[in-house]
Number of protein chains: 2
Amino acid sequence: MGYKIDYISRLFQRTSSKRIEHYVITRIWHLLDNYDLKMMPQQYVSRDQTKYALTDVYFPQIGFHIEVNEPAHYDNDEKIRRDLIRENDVRQNTGHKIFTIDCREDIIGIHKQIDDLISEINKAVNKKISLDTFKPWRPENEHNPTFWKTKGKIDLTDEVSFHTIEDICHLFGADASKTKRGFLRKGGIQHPNNYKMFIWWPSERPRSGWLNTFDEINGIITETHTDNQKRIDHYNYHAKDSHIRIVFYHFKDILGLTNYKYVGIYTNDREKSNEETGTVWTRIGESLNLETTEYQQKEEERNANNVYKK
Amino acid sequence: MGYKIDYISRLFQRTSSKRIEHYVITRIWHLLDNYDLKMMPQQYVSRDQTKYALTDVYFPQIGFHIEVNEPAHYDNDEKIRRDLIRENDVRQNTGHKIFTIDCREDIIGIHKQIDDLISEINKAVNKKISLDTFKPWRPENEHNPTFWKTKGKIDLTDEVSFHTIEDICHLFGADASKTKRGFLRKGGIQHPNNYKMFIWWPSERPRSGWLNTFDEINGIITETHTDNQKRIDHYNYHAKDSHIRIVFYHFKDILGLTNYKYVGIYTNDREKSNEETGTVWTRIGESLNLETTEYQQKEEERNANNVYKK
């Protein structure tokens, strides 16, 4: 049956409780009819330390978010106002685009909006193709550390995501046996060739009091602890210095499989961190050269000789 | 939001437990992209007195059935053989067409099969349009007795389906107050202008021991009773003579609403009926003239001057 149909059909199933949203999502996928385009479910974005759903569908290769607003959404003026502010924030922070489908209309009106959206998506894909920055969806590579080791570079847009900690260690030539501590597993390991870098795999699930909230779109991880003293100690330890972490975020994917997804290079943000919040990590690099350990904020700008600005 | 998107999105939701079937169904609908075409969920067909699912999707306007076979379906040779026999029976009995989507293939293979199917559906629709026998999906008319009273004729392909017994009575000019018996509701009423005809609204749900099984595609209703003596008496009463019934089948539709759907003119089949099975009713008419009470087996053959044979 194949990975892609397995993936998309599970994504459909997962959205099926919201009837109209589900109708819209299935239509977008089928009418796009592009096997090279990856469609992802809800993305979470934290703002003011609260975690909430940002968008219903996300196309990582082109940075497009889709929000499907069922009629009830428009009953509340305050909600509409908040949405607009939030959307504006995301656009400014990330350069991502957010499209809204207004489901107060009838079938013809909804279809018209989807047609327009699809034409925008195709335009963005074709632009990337013409600039040679489009990366087709290749699930068989995404999960294969040897593929990336050979390539010598990883970037956010590659959607690199491994199934085991051993795979992460293999990518960097680190000794996986050192990640074990009796029956426990450490939360990360030193980079074997660059002592200033730490390879970290924080989890979306709380682990022995540690709790991480992650805003993938804006690139912010908040590392905190339910115990006051542990949180304060952790904050004070990191606040003294500047730390750099290569981060693989640990989560269960739509197929129910464990994933460690490469989400960039982070440093502790000394302005945002404090004893109460904990340590806040901000993304400073999207692209990483595996041999030299050099990182860069955006890969596209370089590839395209700065012609294409997001 | 409108009836059609409400209807289709509920149909999608209802099929979402079977992941690949659901993927295929959503794709067929979106790529057909034809608001005039009604898509229906599972149709049941009885054979040898057993009730079982015939097909996953049905297009009543063109008599097309779609079966989506998930990979596990092919594990069992006996199942495949039975399917072929059954499909052949349906084709011969009704002239309907059955298409099978084989989901053992990958996404490209499955999409190719759906493309071929869509082109077959479009061909059938265009043929009907050119013969002037295509009836666009008009839910606002389907449920409106005044519309059909004015038109003066109903046919299976009209998908006439009322929400109340009052609506049925209104169509025939019958006295709805005579359908009430205290707190109970009678199962039917005499036709006011033709004493040989009985207007009947059997239910898919058992009612005080009475149980009906209905094969809509082949046009067979089996009326039986859990109590031996009642079933035998009922059989013997009807076996003596030939009875004619105009039938509106009572069921809950995909929107959760009560429906009485016009399913044709039936007569008691004296060969198939017996004391054990109960009374079997066979469809003898699809099209009914409301003024003259004349009925005909097929409407299309007449309209198209027998040019178009199903």
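Here, each number is a calculation from the coordinates, and none is a lab measurement. Just so you know, these numbers come straight off a predicted model, no measurement behind them. Quick reminder, even Gly has a Cβ in these numbers, built from the backbone with ideal geometry, and neighbours come from all protein chains shown.
Of B:Cys103, A:Cys169, the sequence from fewest to most neighbouring Cβ atoms within 10 angstrom is A:Cys169, B:Cys103. In a reduced charge model with +1 at each Lys and Arg Cβ and -1 at each Asp and Glu Cβ, chain A shows a dipole moment near 780 debye about its Cα centre.
Inter-label distance, A:Lys196 to B:Tyr195: 10.5 nm, where each label sits 7 Å from its Cα along the C-beta direction. Each peptide among B:268-274, B:126-132 gets the average number of other Cβ atoms lying within 10 Å of its residues, and from highest to lowest they stand as B:268-274, B:126-132. Inter-label distance, B:Gln297 to B:Glu120: 2.5 nm, where each label sits 7 Å from its Cα along the C-beta direction. Only the Cβ atoms of Lys and Arg (+1) and of Asp and Glu (-1) were treated as charged; on that basis the dipole of segment B:139-303 about its Cα centre amounts to roughly 700 debye.
What separates the A:Ile254 label point from its copies, with the point 7 Å along Cα to Cβ, is 2.3 nm, written shortest first. Put simply, the C-alpha atoms of segment A:98-184 give a gyration tensor, and the ellipsoid matching it has half-axes of 41, 19, 8 Å, longest first. Here chain A is described by how far its Cα atoms reach on the three principal axes: 59, 44, 40 Å, from widest to narrowest.
Quick check on packing: order B:238-249, B:55-66, A:183-194 by the mean number of other C-beta atoms within 10 Å, highest mean leading. Before the final figure, lay out the partial values.
Details: B:238-249: 17.5, B:55-66: 21.6, A:183-194: 14.2.
Ranking the peptides B:238-249, B:55-66, A:183-194 by packing returns B:55-66, B:238-249, A:183-194.
Do the alpha carbons of any pairs in A:Lys18/B:Lys18; A:Lys97/A:Lys252; A:Lys18/A:Lys135; A:Lys128/B:Lys38; A:Lys97/A:Lys186 sit beyond 28 Å of each other, and which pairs? Before the final figure, lay out the partial values.
Working: A:Lys18/B:Lys18 17 Å; A:Lys97/A:Lys252 26 Å; A:Lys18/A:Lys135 31 Å; A:Lys128/B:Lys38 39 Å; A:Lys97/A:Lys186 37 Å.
Beyond 28 Å between Cα atoms: A:Lys18/A:Lys135; A:Lys128/B:Lys38; A:Lys97/A:Lys186.
Each part gets one Cα centre, and for segment A:100-136 versus segment B:127-169 those centres are 38 Å apart. Pairs of Cα atoms nearer than 8 Å and 6+ residues apart set the relative contact order; for segment B:139-303 it is 22 percent.
When +1 charges are put on Lys and Arg Cβ atoms and -1 charges on Asp and Glu Cβ atoms, the dipole computed for segment A:3-130 relative to its Cα centre reaches about 480 debye.
Helices in chain A, meaning DSSP H runs of at least 4 residues, each add -39500 (n - 2.57). Divided by all residues, the mean residue ellipticity at 222 nm is -10000 deg cm²/dmol. Based on alpha carbons, the Rg and Dmax found for segment B:3-130 are 14.6, 43 Å. Considering only B:His143, A:Ile8, A:Cys169, the residue lying farthest towards the positive end of the dipole of the protein assembly as shown is A:Cys169, judged by Cα position with unit charges set on Cβ.
Once you compute Rg and the Kirkwood Rh from C-alpha atoms, what is the Rg to Rh ratio for the protein assembly as shown? Show your work: numbers first, answer last.
Working: Rg = 31.5 Å, Rh = 28.8 Å.
Looking at the protein assembly as shown, the ratio lands at 1.09.
Taking the charge dipole of chain A about its Cα centre, with +1 at Lys and Arg Cβ atoms and -1 at Asp and Glu Cβ atoms, the residue from A:Thr133, A:Ile25, A:Asn259 reaching farthest to the positive side is A:Asn259.
Just the number, please: Stokes-Einstein D of segment A:180-310 in µm²/s, Kirkwood Rh from C-alpha pairs, 10 °C, 1.306 mPa s. Stokes-Einstein gives a translational diffusion coefficient of 99 µm²/s. Since only B:Phe198, B:Ile121, B:Gln229 are under comparison, the one whose Cα sits farthest along the positive direction of the charge dipole of the protein assembly as shown, derived from C-beta charges on Lys, Arg, Asp and Glu, is B:Gln229.
Taking the longest Cα principal axis of chain B as reference, the axis of helix B:77-94 is set at about 60 degrees. For segment A:66-126, the extents of the C-alpha atoms along the principal axes are 38, 34, 9 Å, listed from largest to smallest.
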